[in-house]
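Coordinate-derived values only; no laboratory data. All of these numbers come straight from a predicted model, not from anything done at the bench. Cβ atoms come from the backbone with ideal geometry, glycine included; neighbour counts cover every protein chain shown.
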């Protein structure tokens, strides 16, 4: 029996980041379930002038178990025509686009139309439809791409409603972000601290991922000041690269006299280091000011880590309050009170048990079945 052919369109190695990691993991899931799946990625994802980080490329070794074509130039229409023609000849049964921002919509929309014309069903996994940081071209570009798709899988209920509003006649399924289970096994906390050069007798909060305004680090720093970390022998690890000017954050740390309470690890964290940071932490903190969903939550689930999230977007959907952690409003006093409760009442063990129970919902098999139903 001939295997069904599947193409995932989106970032993959040698590009770095959560999107690439997700797409590679999904490709393996398809292949492990009897499909013939490969990835169409970028030869140019962002022009250097538009990329806020230090580099777009991964320091991890090339995956040797999946086929990746680095072919799409996001700003070259001639390239879209050539790539669309070349890949339409391969006669895929299913094409899965990973859509996260309107900048990619013209390239994706053009290529999607070419692939649809060859008989493929085109589905989009939508991280965001209404972006966190708005631009004048968002609406027309997004509509151009959405019109090229046969259906959508949203990873938060908020994005599901946005997709339904824009595409009322197409199927839109909601499946929460699966667990990120590809960053290596859990490590004993004291060993993880040792490998990262952290103090064994200190407790650690973890703020993980690239730093942008909507991630709410400023809110977390103000909350940490109220919490009085020295009293509880707690430090905050800020693990991730600044994607905007670092100075306001560094000034804030100084003004709040938190220098001795912060571990700044603000280079990009490679995949082989991610598990160590989560293993070393007591609780993962996401004080976002806006959000749809977050892959950070799903790394925390894999490592059985309690979480504190703000009640924005889809974050609270995935974090049952008082079972796996805390859901707080964007309020410094409330966030600080939750941290006090966590440490003064020794909540870590009970919350970790709740995480281990809750994470059974977030499997890649469930995501795959939802894609095929669409």
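For the stretch 269-328, what ratio Rg/Rh do Cα atoms give with a Kirkwood hydrodynamic radius?
Rounded to two decimals, Rg over Rh is 0.96.
Could you work out which residue, out of 184, 209, 197, moves most in a Gaussian network model of the chain, that is, has the largest mean-square fluctuation with Cα springs under 10 Å?
197
Pull out a ≥ b ≥ c, the square roots of the eigenvalues of the alpha-carbon gyration tensor of the stretch 5-174, then state rounded if a/c is under 1.5, prolate if not and a/b is larger than b/c, and oblate in the remaining case.
rounded
Between the stretch 233-251 and the stretch 315-374, what is the separation of their alpha carbon centroids in Å?
Taking the Cα centre of each part, the stretch 233-251 and the stretch 315-374 sit 23 Å apart.
Which order do 102, 58 fall in if you start with the one that has the fewest other Cβ atoms within 10 Å?
Exposure proxy ranking, most exposed first: 58, 102.
Starting from 0 in steps of 5 Å, tell me what percent of the Cα-Cα pairs of the stretch 67-118 lands in each bin.
Taking every Cα pair in the stretch 67-118, the percentages come to 4, 21, 32, 28, 13, 2.
Could you give me the percent of Cα pairs per 5 Å distance bin for the stretch 189-361, shortest bin first, beginning at zero and ending with the bin that holds the maximum distance?
1, 9, 19, 23, 24, 17, 6, 1, 0
If I build a Gaussian network model for the chain, linking alpha-carbon pairs within less than 10 angstrom, which residue out of 117, 216, 275 has the largest mean-square fluctuation?
Ranking 117, 216, 275 by mean-square fluctuation puts 117 first.
Where does each of 307, 155 land when they are ranked from fewest to most other beta-carbon atoms within 10 angstrom?
Going from sparsest to densest Cβ surroundings: 307, 155.
Listing 177, 345 from the residue with the fewest other Cβ atoms within 10 Å to the one with the most, what is the order?
345, 177
For the chain, what does -39500 (n - 2.57) per DSSP helix run (n ≥ 4), summed and divided by total residues, give at 222 nm, in deg cm²/dmol to the nearest 500?
-11500 deg cm²/dmol
Please identify, among 12, 246, 154, the residue showing maximal mean-square fluctuation in a Gaussian network model of the chain using a 10 angstrom Cα cutoff.
246
Scan (1) 46; (2) 23; (3) 17 for the value of percent of Cα pairs over 39 Å apart calculated from this model and give just the label.
(3)
Shape call for the stretch 313-353 from the C-alpha gyration tensor, a ≥ b ≥ c root eigenvalues: rounded (a/c under 1.5), prolate (a/b greater than b/c) or oblate?
Cα axes put the stretch 313-353 in the oblate bin.
Express in % the proportion of alpha carbon pairs of the stretch 230-310 at distances exceeding 19 Å.
Distances greater than 19 Å cover 45 percent of the Cα pairs.
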